[in-house]
1. Return yes when residue 87 is more than 15 Å from residue 127 (Cβ to Cβ), in a strand (DSSP E or B) and at pLDDT 95 or above and no when it is not.
2. Could you list, in sequence order, all residues of the stretch 69-93 that are aliphatic (A, V, I, L, M), more than 17 Å from residue 49 (Cα to Cα) and within 16 Å of the chain's Cα centre (by Cα)?
3. Of the conditions (1) in contact (Cβ under 8 Å) with a residue 40 or more places away in the chain; (2) loosely packed, with under 14 Cβ neighbours inside 10 Å, residue 36 clears all except one; give me its number.
4. Collect the residues in the stretch 40-54 that are outside any helix (DSSP H, G or I) and either closer than 15 Å to residue 112 by Cβ or of a type in the set (A, V, I, L, M, F, W, C) (or both), keeping them in residue-number order.
5. Test residue 70 against the criterion of being surrounded by fewer than 12 Cβ atoms within 10 Å (Cβ to Cβ), modelled with pLDDT of 95 or more, out of contact with any Lys or Arg (no Cβ under 6 Å at 6 or more places or on another chain) and under 26 Å from residue 136 (Cβ atoms), and give yes or no.
6. Go over the candidates 61, 53 one by one and state the one that is surrounded by 18 or more Cβ atoms within 10 Å (Cβ to Cβ), out of contact with any Leu (no Cβ under 6 Å at 6 or more places or on another chain) and at pLDDT 95 or above.
7. Take residue 65 and tell me if it is acidic (Asp, Glu) and in contact (Cβ under 8 Å) with a residue 12 or more places away in the chain.
Amino acid sequence: MLRRWAGLLAGIVLSTVALAQGALPSVSVQEAHQQASAGKMVIVDIRTPQEWAETGVAAGAVRLDMTEKDFPSRLAALKKQAGDKAVGLICRTANRSSYVQDALAKYGMRLVNIRGGMVGGRGETGWIAAGLPVSR
């Protein structure tokens, strides 16, 4: 019985380590703002024009509507243009940005998810609630 528990525990530990190593990068809205201000990150708002009008956009963010058919190619071009800079994705609550990050990671594109998004989600403070600069 003890051997079985030890094996089960080892399996849990190994799978947890594998998940942590394979976890996709993410940053808080404050970290994203700091990195963008330091020239180390390009922020890309992937929401729709209607959403941009409703809440504004993180100051300095590039607007790329994820519903446009040329979105993947435009994002790939931006990623290439960014060079060594991280490319951080932001949406309303970090759900869509997480989905896009995961989908494109399968094709080798490494992107950073900005937790909390513009309005907050998944227990994270959003860009607006954090009092970070917004462009209208």
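1. When the stated conditions are applied, residue 87 passes them.
2. Of everything in the stretch 69-93, those that are aliphatic (A, V, I, L, M), more than 17 Å from residue 49 (Cα to Cα) and within 16 Å of the chain's Cα centre (by Cα) turn out to be 76, 78, 82, 86, 87.
3. The single condition residue 36 does not satisfy is (2).
4. 40, 41, 42, 43, 44, 45, 46
5. yes
6. 61
7. Yes; evaluated as a whole, the condition is true for this residue.
Yes/no per residue for (1) assigned to a loop (DSSP other than H, G, I, E, B); (2) free of Cβ contacts under 8 Å to residues at least 24 places away in the same chain; (3) surrounded by fewer than 16 Cβ atoms within 10 Å (Cβ to Cβ):
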{"residue": "92", "(1), (2), (3)": "yes, no, no"}
{"residue": "101", "(1), (2), (3)": "no, no, no"}
{"residue": "104", "(1), (2), (3)": "no, no, no"}
{"residue": "108", "(1), (2), (3)": "yes, yes, yes"}
{"residue": "113", "(1), (2), (3)": "no, no, no"}
{"residue": "117", "(1), (2), (3)": "yes, no, no"}
{"residue": "126", "(1), (2), (3)": "yes, no, no"}
{"residue": "131", "(1), (2), (3)": "yes, yes, yes"}
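The values are calculated or read from the model by the stated rules, or taken from the named source; none is laboratory data. Just so it is clear, the model here is predicted, and its values are computed rather than measured. Virtual Cβ from ideal backbone geometry, glycine too; neighbours counted across all protein chains shown.
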